[in-house]
Amino acid sequence: MTDQTPKKLFIKTYGCQMNVYDSQRMAEAMGAEGYVQTDRAEDADMVLLNTCHIREKAAEKLYSDLGRLRPLKGARPDLKIGVAGCVAQAEGEEIIRRAPLVDLVVGPQSYHNLPAMVRGEAPAVNTEFPPEDKFDHLPQRRATRRAPAAFLTVQEGCDKFCAFCVVPYTRGAEVSRPMARIMAEARDLVARGVREITLLGQNVNGWHGEGGEGVGALIRQLAGIEGLDRIRYTTSHPNDMGDDLIEAHRDIPQLMPYLHLPVQSGSDRILKAMNRKHTAEQYLRLIDRIRAARPDIMLTSDFIVGFPGETDQDHDATLRLVEQVGFGTAFSFKYSPRPGTPAFGREMVADEIADARLQELQALLDRQQKAAQESMVGRTLGVLFEKPGRMPGQMVGKSDYLHSVFVHAPEVAPGELLQVRIKASAPNSLEGELV
């Protein structure tokens, strides 16, 4: 009798939401090969590490995780171990040289070849930028979803070449998926129970259709899908925040009042050194236009502290910009060099100075986040419930502003979109009651 037991796949996802989406698609590709996902590497027939190169010491973290997998591989030589994502793209064959337990290495533009690689019908290292669209070769999205919200990649790559960033080298040039294919995937997701879609791209608002349409036009089309109640998008570049997208925030109720718009620094001198191609004043005027279109919008951003050449005056300029804008939350990091980027090799700011600046910036951002959350208390917000909370009878979902909201509502099922009155603010969540 043939063994019909399905093989098990464990995926560890590092980094950004694009990687979360890519991991889902790789799982679907391997699902067509008879693999089912497991939450334990110890139970898996294949372990896939989907890596990110944005965070500090990304390669070192990968090799540390591979070291922890070595005993599993030693006990089960047939266990397949793969490395995917941006570190795979950057390191290529070096990964197998340093960690011979790795069976295959695949970049983010080539993971549609993963099944053939596992079968031994394609090279064990594939970090090419293929001419064909990987989305044409991936299987249809699965019917079973764990949550009523889903990611949908609409754009990949970046042409901005910020001095600190590896994305143009690991993800390639900007490529926009055709609107028709995006719409088809979105309709399929909604038919399968998804009520909220987040459009993804390294520079998502740089998306453009074959007729020259911008992402604002895409959002208007998506808003016409019956049953799609919420639309979000991330991550954006200020230089591609066009009138059509700002007007979409004004006109389209399904587009949530939340915008992640990285600025990185408040100093024009540092912005120029970063090759951001905008000034602090241009960013502030853009924020004014966005808020004029959607006064209740919550803004979030990214900041890099201690970029080479940053002075106390540059740091003070960043603090002033943060004070002027007032962010709902933000991500802030100390600069860490990436080999191959233009800033690599520049003279670094002393660690103790960069650490002190980061702490000062984060303290300010934390105060703004606390104020933003406390401003929600007493308001009634839409909440899309996703899963049970840890307390009996508790459900948790996401507000219009992407806050986690906890409600005692044992009668509520995942996927319900309900009005909730906010009663209290916790450090990273809100508590409410059904209206």
Original post:
Just going by the charge dipole of the chain, with Lys and Arg at +1 and Asp and Glu at -1 on Cβ, which of 237, 304, 406 is farthest out on the positive end?
Top reply: 406
Original post:
Just 308, 253, 238 to compare: in a GNM of the chain, with alpha carbon springs under 10 Å, which one fluctuates most?
Top reply: 253
**OP:** Collect residues whose amide H, placed 1.01 Å from N in the peptide plane, falls under 5 Å from the amide H of residue 263; neighbours closer than 5 in sequence don't count.
**Re:** 302
Subject >> Ordering of 275-281, 22-28, 80-86 by packing [mean C-beta count within 10 Å, highest first] >> reply: 80-86, 22-28, 275-281
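Give me the 1.4 Å probe accessible area per residue for the chain, excluding ligands and nucleic acids, in Å². Provide the component values of the computation, followed by the final result.
Working: 19430 Å² over 435 residues.
For the chain, the per-residue accessible area is 45 Å².
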Original post:
By average Cβ neighbour count within 10 Å, what is the ranking of 42-49, 341-348 from highest down?
Top reply: 42-49, 341-348
Subject >> Convex hull volume per residue in cubic angstrom - Cα atoms of the range 175-256 >> reply: 85
**OP:** Name the helices (complete DSSP H segments) of the chain with a Cα length along the long axis of 30 Å or more and a Kyte-Doolittle mean of at least -1.0, or state none.
**Re:** 351-374
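Add -39500 (n - 2.57) for each DSSP H run of 4 or more in the chain, then divide by its residues: what number comes out at 222 nm, to the nearest 500 deg cm²/dmol?
Working: 13 runs with 143 residues, N = 435.
So the helix-based figure for the chain works out to -10000 deg cm²/dmol.
Calculate the dipole size of the chain relative to its Cα centre from +1 charges on Lys and Arg beta carbons and -1 charges on Asp and Glu beta carbons; express the result in debye to the nearest 20. Let's see the in-between values first.
Numbers: 53 positive and 59 negative charges, 136 e Å.
Roughly 660 debye, rounded to the nearest 20.
Just want to confirm a number: the relative contact order over the chain, from Cα pairs under 8 angstrom separated by 6+ residues, in percent.
Details: 837 pairs, mean separation 40.9, N = 435.
In percent, rounded to a whole number, it is 9.
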Original post:
Candidates (i) 95, 50, 32; (ii) 85, 79, 40; (iii) 66, 58, 48; which is the computed Cα extents along the principal axes in Å?
Top reply: (iii)
**OP:** Rounded, prolate or oblate: pick one for the range 7-131, where a ≥ b ≥ c are the square roots of the eigenvalues of its C-alpha gyration tensor, a/c under 1.5 means rounded, and failing that, prolate if a/b is larger than b/c, else oblate.
**Re:** rounded
**OP:** Measure out, as a whole number of angstrom, how far apart the alpha-carbon centroids of the range 162-213 and the range 362-401 sit.
**Re:** 27
**OP:** Using a 10 angstrom cutoff on alpha carbons, build the Gaussian network for the chain and name the most mobile of 349, 215, 154.
**Re:** 349
Original post:
Over the chain, what percent of the accessible surface lies on carbon and sulfur atoms, probe 1.4 Å?
Top reply: 50
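The values are calculated or read from the model by the stated rules, or taken from the named source; none is laboratory data. This one's a predicted model, so the numbers in the text were calculated from it and none came from an experiment. Reconstructed Cβ throughout: ideal geometry from the backbone, glycine too, with neighbour counts over all protein chains shown. Ligands, DNA and RNA are stripped out before the accessible areas are found, and what is left, the full protein with its side chains, is counted by its heavy atoms. Shrake-Rupley method; radii C 1.70, N 1.55, O 1.52, S 1.80 Å.
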